[in-house]
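Novice: Submitted below is the structure of interest, expressed as structure tokens.
Values quoted throughout were computed directly from the atomic coordinates according to the rules given, and no laboratory measurement underlies them. Nothing here was measured: the structure is a model prediction, and the numbers come from that model. Virtual Cβ from ideal backbone geometry, glycine too; neighbours counted across all protein chains shown.
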Amino acid sequence: MNRKNFIQSSASIFAAAAIPNKSLFTPPDETRGVFINPTYLKQNDTIGITSPAGYITLEEIQSAIKQIESWGFKIKVGETIGKKDFTFGGTDEERIKDFQQMLDDPKLKAIMCARGGYGAVRI
């Protein structure tokens, strides 16, 4: 294949890839324009702390837990706190499971990530 034909054929491929799939970027009609504003946190609300990325120990977040509790909130520590898989707070599957459990827990009013980074992108 000569260079001219390659450039012409690859240009059409890149042009097709650049056209976004409408279903991926447009919310369904019933949710379009609907914004969900969370309520303000109140005393005795529960905040979950998870580690969807890097490894961190319970001891390292104790001062943050004490500070948040001093403001009148309850804390639920996620299963990934203290877990370690290489530099991550547990395996990808453990971090996905922990974060999803917090999202699904109706008692939690907020979720805090104890450590961020590349591991969050992996899940």
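Novice: Which loop trypsin sites (Lys or Arg not before Pro) in region 58-123, with loop taken from DSSP, have no more than 15 other Cβ atoms within 10 angstrom of their Cβ? Each step should come with its number before you reach the end.
Specialist: On the way: sites: LYS66, LYS74, LYS76, LYS83, LYS84, ARG95, LYS97, LYS107, LYS109, ARG115, ARG122; in loops: LYS83, LYS84, LYS107, ARG115.
Passing both the DSSP loop test and the Cβ count: LYS84, LYS107.
Novice: List the pairs from LYS84/LYS109; LYS42/LYS84; LYS42/LYS83; LYS66/LYS109; LYS42/LYS97 whose alpha-carbon separation is above 23 Å, in the order I gave them. If you can, show how the numbers build up before the last one.
Specialist: On the way: LYS84/LYS109 26 Å; LYS42/LYS84 33 Å; LYS42/LYS83 30 Å; LYS66/LYS109 18 Å; LYS42/LYS97 27 Å.
Among LYS84/LYS109; LYS42/LYS84; LYS42/LYS83; LYS66/LYS109; LYS42/LYS97, the Cα-Cα distance tops 23 Å for LYS84/LYS109; LYS42/LYS84; LYS42/LYS83; LYS42/LYS97.
Novice: Just in region 42-92: which chymotrypsin sites (Phe, Trp or Tyr not before Pro) are loop by DSSP and have at most 16 other Cβ atoms within 10 Å? Don't skip to the end; give the middle numbers.
Specialist: On the way: sites: TYR55, TRP71, PHE73, PHE86, PHE88; in loops: TYR55, TRP71, PHE73, PHE86.
Qualifying residues, ordered by number: TRP71, PHE86.
Novice: In region 40-70, what GluC sites (Glu not before Pro) fall in a loop by DSSP, with at most 16 other Cβ atoms inside 10 Å?
Specialist: Values: sites: GLU59, GLU60, GLU69; in loops: none.
The qualifying sites: there are none.
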